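*Asks:* Handing you a structure now.
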Amino acid sequence: MPASASLLDRYVEPLLEGNRQTCRGIIAERIEQEEPADMLLRDLVWPSMKRVAQLYRTDRINAATEHMAVRINRCISAQLQTALEYLPPNGKCVLIASAEGEAEEINGQIVADLFETGGWTTYFLGGGVPNDEILSLVGRIRPDILLISGTKPQGAPGIRALIDLIRDVGTNPTMNIIVSGGVFNRADALWKEVNADILAKSPEEALRRAETAQPREPEVRVPGAPKRRRRRKTPVLLASTEEK
């Protein structure tokens, strides 16, 4: 079951103080109580990252505090990764990319770890990979899911460009594209404006939606017909992200 609000508060307080030893002690205590590592990642570390991001975004903590908290969670995530238990391979593959930034990459790594525990073959790119290189990798490994995690507002137009590129080229046409976290959690309709197939607001929901997703219906093209150019208008929500 999800971590209680009191446990989350108990963990976030030393996290914001930069108290590495206390944070490690709380995690060690939960492991001694036989709480699964994947549950701690999903229900304690992930919500604490969300809280830190919200506090920083609303100027309630400064950059020094945010940086210390993020780096503690990076260490905690690595510690928990060694304690994860994995289901047998399920024959499915996911490619995960994240926004640039350490906090965003840690969140993406948590998503990748949880997909691996579910038996998925998982490739994690992190942030900063050019769209044409992501396109090439999609064509080479042909994942069932491309998951884009933790997008910042200014990154949304680039996500739209990536998705349009993948669909226009037609590489791996049955692949579903999931967007999760970041600005997509705060602007509910934005995922549709970037032409994603699925929105997931948490790692748990991303895994659940990926497991139940049906292969995407590929676009039917008449042989020899010229490629139809789509005239794209920037939607209102997407346009607002370009200004940030």
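*Asks:* I'd like to know if the range 104-115 contains one or more residues that are surrounded by 16 or more Cβ atoms within 10 Å (Cβ to Cβ), over 30 Å from residue 40 (Cα atoms) and of a type outside the set (Gly, Ala, Ser).
*Replies:* no
*Asks:* So, one more: When the residues of the range 118-148 are narrowed to those that are of a type outside the set (A, V, I, L, M, F, W, C) and surrounded by 20 or more Cβ atoms within 10 Å (Cβ to Cβ), which ends up nearest to residue 174 (Cα to Cα)?
*Replies:* That would be 144.
*Asks:* Given (1) within 20 Å of residue 53 (Cα to Cα); (2) assigned to a loop (DSSP other than H, G, I, E, B), where does residue 218 come up short, assuming only one miss?
*Replies:* (1)
*Asks:* Report yes if some residue within the range 93-101 is of a type in the set (A, V, I, L, M, F, W, C), surrounded by 19 or more Cβ atoms within 10 Å (Cβ to Cβ) and at pLDDT below 95; otherwise report no.
*Replies:* Scanning the range 93-101 turns up at least one residue that is of a type in the set (A, V, I, L, M, F, W, C), surrounded by 19 or more Cβ atoms within 10 Å (Cβ to Cβ) and at pLDDT below 95.
*Asks:* Is it true that residue 194 is buried (at least 22 other Cβ atoms within 10 Å of the Cβ) and out of contact with any Cys (no Cβ under 9 Å at 6 or more places or on another chain)?
*Replies:* yes
*Asks:* Continuing with the same structure: Which ones in the range 64-79 are over 16 Å from residue 13 (Cα atoms) and either in contact with a Cys (Cβ under 6 Å, 6 or more places away or on another chain) or surrounded by fewer than 18 Cβ atoms within 10 Å (Cβ to Cβ) (or both)?
*Replies:* 74, 75, 78, 79
*Asks:* Anything in the range 160-175 that is buried (at least 19 other Cβ atoms within 10 Å of the Cβ) and either hydroxyl-bearing (Ser, Thr, Tyr) or in contact with a Lys or Arg (Cβ under 7 Å, 6 or more places away or on another chain) (or both)? List them, or say none.
*Replies:* Once the filter is applied, which keeps residues that are buried (at least 19 other Cβ atoms within 10 Å of the Cβ) and either hydroxyl-bearing (Ser, Thr, Tyr) or in contact with a Lys or Arg (Cβ under 7 Å, 6 or more places away or on another chain) (or both), the range 160-175 yields 172, 175.
*Asks:* Quick check: is even one residue across the range 115-124 over 20 Å from residue 93 (Cα atoms) and at pLDDT 95 or above?
*Replies:* No, the range 115-124 contains no residue that is over 20 Å from residue 93 (Cα atoms) and at pLDDT 95 or above.
*Asks:* How many of the residues making up the range 93-126 are in contact with a helix residue (DSSP H, G or I) (Cβ under 8 Å, 6 or more places away or on another chain) and under 19 Å from residue 211 (Cβ atoms)?
*Replies:* Adding up the residues that qualify gives 15.
*Asks:* Could you check how many residues of the range 158-203 are part of a loop (DSSP other than H, G, I, E, B) and either in contact (Cβ under 8 Å) with a residue 12 or more places away in the chain or in contact with a Leu (Cβ under 6 Å, 6 or more places away or on another chain) (or both)?
*Replies:* Summing the residues that are part of a loop (DSSP other than H, G, I, E, B) and either in contact (Cβ under 8 Å) with a residue 12 or more places away in the chain or in contact with a Leu (Cβ under 6 Å, 6 or more places away or on another chain) (or both) in the range 158-203 gives 16.
*Asks:* Can you confirm whether residue 143 is in a loop (DSSP other than H, G, I, E, B), on the phi < 0 side of the Ramachandran plot and in contact with a Cys (Cβ under 6 Å, 6 or more places away or on another chain)?
*Replies:* So residue 143 fits the description; yes.
*Asks:* Separate question: Looking at 103, 64, 78, which is the one that is out of contact with any strand residue (DSSP E or B) (no Cβ under 9 Å at 6 or more places or on another chain) and touching a residue at least 40 places away in the same chain (Cβ under 8 Å)?
*Replies:* Selected residue: 103, the only one of 103, 64, 78 that is out of contact with any strand residue (DSSP E or B) (no Cβ under 9 Å at 6 or more places or on another chain) and touching a residue at least 40 places away in the same chain (Cβ under 8 Å).
The values are calculated or read from the model by the stated rules, or taken from the named source; none is laboratory data. None of these values were measured; they are calculated from a predicted model. So basically every Cβ, Gly included, is an ideal-geometry build from the backbone, and we count neighbours across all protein chains shown.
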